[in-house]
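The values are calculated or read from the model by the stated rules, or taken from the named source; none is laboratory data. Bear in mind that the values here come from a model prediction, so they are computed numbers and not experimental data. With ideal geometry, Cβ positions are generated from the backbone for all residues, glycine too; neighbour counts draw on all protein chains shown. To get the accessible areas, we keep the full protein, side chains included, count just its heavy atoms, and leave off ligands, DNA and RNA. Shrake-Rupley method; radii C 1.70, N 1.55, O 1.52, S 1.80 Å.
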Amino acid sequence: MTLNKKITVGILAHVDAGKTTLSEALLYLSGKIRSLGRVDHKNTYLDTNAVERERGITVFSKQARFTVRNTDFILLDTPGHVDFSAETERTLALLDYAILVISAPDGVQNHTRTLWQLLRHYGVPTFIFVNKTDICFKLKEEIEEELSRGLSSGCVAFQELGTKAELDEKLAMLNEDFLDSFLSGEEISDGDIAREIAERRLFPCFFGSALKTEGVEFFLNALDRLTMSPEYPAESFGAKVYKILHSGGTRLTYMKITSGKLTARDEISYISSDGEKFSEKINGIRLYSGDKFEQTDSASAGEICAVMGLSASYAGQGLGSEGDTSRPLLEPVLSYRVVLPPECDPVVYFTKLKELEEEEPSLHLLWNSELKQIEARLMGDIQTELLLRLIKDRFSIECTLDAGKILYKEKIAGKAIGVGHFEPLRHYAEVQLLLEPQPEGTGLVFDTRVPENTLSINWQRLILSYLYGKKHRGVLTGSLLTDTKITLLAGKDHLKHTESGDFREATFRAVRQGLMRGGCILLEPYYSFRLDIPSGHVGRAMSDLQNKSAEFEIESASEDRTVISGTAPVSELHGYVRDVISYTGGKGSLSLVSGGYKPCHNSDEVISEFGYDPEADLANTPHSVFCAHGAGFVVPWNEVDDYKHLTVEEEKTSATDAVIPRVEKIARRYDITDKEVEAIMQRTFGPIKRRQYSEPKINSADKSEKRRPKKLREPRNLTIIDGYNLIYSWDTLKEIADVELEGARNALMDMLSSYAAYTKTEIVLVFDAYLVKDGVGSDFIRDGYRVVFTKEDETADAYIEKMMHELGPDYTVKVVTGDRMLQYSAVLSGILRITAKEFADELIAVGNEITAFIRKLSESK
């Protein structure tokens, strides 16, 4: 007996393109449902939430199951509104195929382009269904040309009334093998077409009316014929979690099984989002279709199911052999305060409301400890309505949201060195940081340039961990800092009086002092917009856009319609949709997608409105603490340079005009004795009335020890790793890299962080970037070890070979690579070489040791 193919297909669209209507038609024609539901009748099979039925839009992704001839389909219906783009994006990682629905009268919209980019990013083979052709005056050939021009040249119309010869003639233009078959008079087989679709070289386009079920059966049959069943690993269990739901007191974890098999009563080990390790049994497995489900004892690879028993799983998590899904590319741009009834304690209800965020991660709920209030970061108006409705339905309380605020960000304006000093009585730490502006979208980048002989590597790791762990704020409005590189230039500790918390204080003060010196630029979120209006209203629209600080151009214009596209601040375009509908009499449309952060168009006005005083922000002070006469005293940020104990100087270079420390001067200051410090303090502040500590006396035995020859320092262990060679030699990382190379790099770097800390091994991880055009390379510190991206025209092999020859006798070097030439070069240099597979086994073994050690510690408690 031949088993049916099992295909997970998602359906995506711009809002109001008819996505839910097409879902109903597919379910009806496949025999899954007996009657067609309608969005306007509020009786569709998949839109069951009250908000969905009232608004006529899809908010939550849901699944339905149906069978067509030889294929069992799992249909995932996704939200079409831009407010819920993150929900759609989470679903994409699960799909074998996607159906992109496009409204024939509207054509390719802004949000359609965003969805197309996401489909390309996740590598999902795509079918296109052009809906509402019954109310469109465009010819199908015109629509095909528009799709080919706006999305991909691989868009080819599959006409229900067309002949196979006509289709083959079009396909022959895409592929040489197809052309050979066509010229020799052979038909192009469905199998060959299916392979082209699976490789995303062909995007078949179908036409019809979902409401009238025209063209839908032809499309349904094509889905059966032109899809290929994915191959899943049969060995170890792996799954991707995409949704959490609470139903009748039961916590459900929705997942797709990507390898192996899951059985009820299986025990799954995983790590929660907070880093806590869990090992829990599966209490039950459900297979949902709409609101109904059937219980099953097991689920195999390719199945989408909801499991019971996992208490700390989260959307986007990878279980078993599967890695975590990358965070959604789209982020919220508006912030609201959640106003609860007077009798409700915000602290108590924040914990309850986080349950909603667990189910819908795009509802970003935060606790503002300074104002003691709950804040929600959302994409737009429909999300705000959804949040209020969910709170009312779940907790039976009426709450409101205050007027939404724009989520501003800040970046440093110019290069600056920040100094932080923390020296109250019996404490000591000084940190100096270089802060530099970075290109848009970079985020925060951290690095260190401090030699180990001037500051212990452990202190450096601690400082970097503090920099990574804090949400740094700018000095204009107190908004989050972004697009800034922070480099550790110098640091000083005291043998007796330095504790880890001292470096924490000094580090944060150095960041703030650097921001005060360099100044900040206020950034605001922008929308990329597409305004489609009757041509008679172009003058009004262009006037509005100019007043809203927009940059725009005429995308297309005809006698009847004009399309204007561009970018504008979120603060200006928020709510403009209502104006467009008003002045065009409902005939205009405005589509908006996130356009990133750019310099604020009215920064002076915004800064004045915030009224933020960086010197009064006690939690983020720029001032330092020094010590005199046995007591600490505060030095204002603009006077710290007169008191600092370390000196760094600018060194001009042709590349980046980098600011670097003069190592010899820092080393000299690090060698200063307690006696010298005491003498300096007495000259500056007068004699100290009481001695806090004294130099320990050395007896004669100790003096004789001093005259003995010094013991030679043991060589330091250094491991050099060819990053991409290791990734593609390790099956686990290779599977991640096939989907997303950045995810594989991050997974490897995370494992090396634990390995470096546990084994006390110095690591240099080298990634090949020689094909990156105009690449200047990068060299930074991550969790205490070096990560190097080579520059353009420089291979990782060449970099590692050069490094091996330059290392001195102070190092015991090990090179990790599968490259034979590099291994041979290592042998000639007297360097230990190890294959990528051997090192992968070593990483796994060390990971197991760490787990056993932690378990032993927890048991001893």
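At 0.36 nm per residue, minus the direct Cα-Cα distance, what do ALA234 and ASP177 gain on full extension? Give it in nm, one decimal, please.
17.2 nm
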Cα gyration tensor shape of the stretch 504-651, rounded if a/c is under 1.5, else prolate or oblate by comparing a/b with b/c: prolate
Could you pull the accessible area for GLU235 with a 1.4 Å probe, rounded to 10 Å²? 150 Å²
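Using the heavy atoms of the protein chains and a 1.4 angstrom probe, tell me the accessible area per residue for the stretch 584-654 in square angstrom. Intermediate results must be reported in sequence, preceding the final value.
Values: 3850 Å² over 71 residues.
Here the residues of the stretch 584-654 average 54 Å² of exposed surface.
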For the stretch 379-511, with every protein chain kept in place, what is the accessible area per residue (1.4 Å probe, Å²)? 37 Å²
Estimated vicinal HN-Hα couplings, Hz - the stretch 62-69 in sequence order (Karplus 6.51, -1.76, 1.60; Gly, Pro = x): 9, 10, 9, 10, 8, 10, 10, 6
Label THR851 and ARG389 with points 7 Å out from Cα along Cα→Cβ: what is the distance between them in nm? 4.3 nm
Would you calculate the separation in nanometres between label points at LYS42 and GLU440, each defined as 7 Å from the Cα along the Cα-to-beta-carbon direction? 4.3 nm
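From the protein chains alone at 1.4 Å, what is the descending order of accessible area for ILE781, ILE457, ILE486, largest first? Please list the in-between numbers first.
Values: ILE781 20, ILE457 50, ILE486 0 Å².
The most accessible residue leads, giving ILE457, ILE781, ILE486.
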Each label sits 7 Å from Cα toward the beta-carbon; between LYS261 and LYS470 the label points are separated, in nm, by 5.4 nm
Can you give the accessible area of GLU176 in Å² (nearest 10), computed on protein heavy atoms with a 1.4 Å probe? 150 Å²
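Per residue, how many Å² of accessible area does the stretch 257-306 show with a 1.4 Å probe? Intermediate results must be reported in sequence, preceding the final value.
On the way: 2570 Å² over 50 residues.
On a per-residue basis, 51 Å².
Residue separation times 0.36 nm, minus the C-alpha to C-alpha distance between SER184 and THR250: what's the value?
Working: separation 66, 0.36 × 66 = 23.76 nm, distance 6.17 nm.
The SER184-THR250 span can extend by a further 17.6 nm.
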Could you look at the stretch 390-469 and say what percent of its accessible area is carbon and sulfur, using a 1.4 Å probe and all protein chains? 52 percent
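In the stretch 492-534, what percent of the accessible surface is made up of carbon and sulfur (1.4 Å probe, ligands and nucleic acids excluded)? Show your work: numbers first, answer last.
Working: 590 of 1320 Å².
Carbon-and-sulfur percentage of accessible area, whole number: 45.
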Top to bottom by accessible area (1.4 Å), largest first, where do LYS587, LYS277 land? LYS587, LYS277
In terms of solvent-accessible area of protein heavy atoms at a 1.4 angstrom probe, what is the ranking of SER582, SER236, SER335, highest value first? SER582, SER236, SER335
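Ignoring ligands, DNA and RNA, please state the percent of accessible area on the stretch 117-271 from carbon and sulfur, probe 1.4 Å. Working shown, then result.
On the way: 3700 of 7580 Å².
So the carbon and sulfur contribution to the accessible surface is 49 percent.
Please give the net charge around THR71, taking every other residue with its beta carbon less than 10 angstrom from that of THR71, where Lys and Arg add +1 and Asp and Glu add -1. Before the final figure, lay out each step's value.
Details: positive: LYS5, LYS6, ARG69, ARG225; negative: ASP72, ASP224.
Once positives and negatives cancel, what remains is +2.
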At a probe size of 1.4 Å, how large is the accessible area of SER35, to the nearest 10 Å²? 80 Å²
Is the C-alpha gyration tensor of the stretch 191-254 telling us rounded, prolate or oblate? Criteria: a/c under 1.5 is rounded; beyond that, a/b larger than b/c is prolate, otherwise oblate. oblate
State the extension gain, in nm to one decimal, for the chain segment bounded by LYS352 and ALA165, taking 0.36 nm per residue of separation less the distance between their alpha-carbons. 61.2 nm
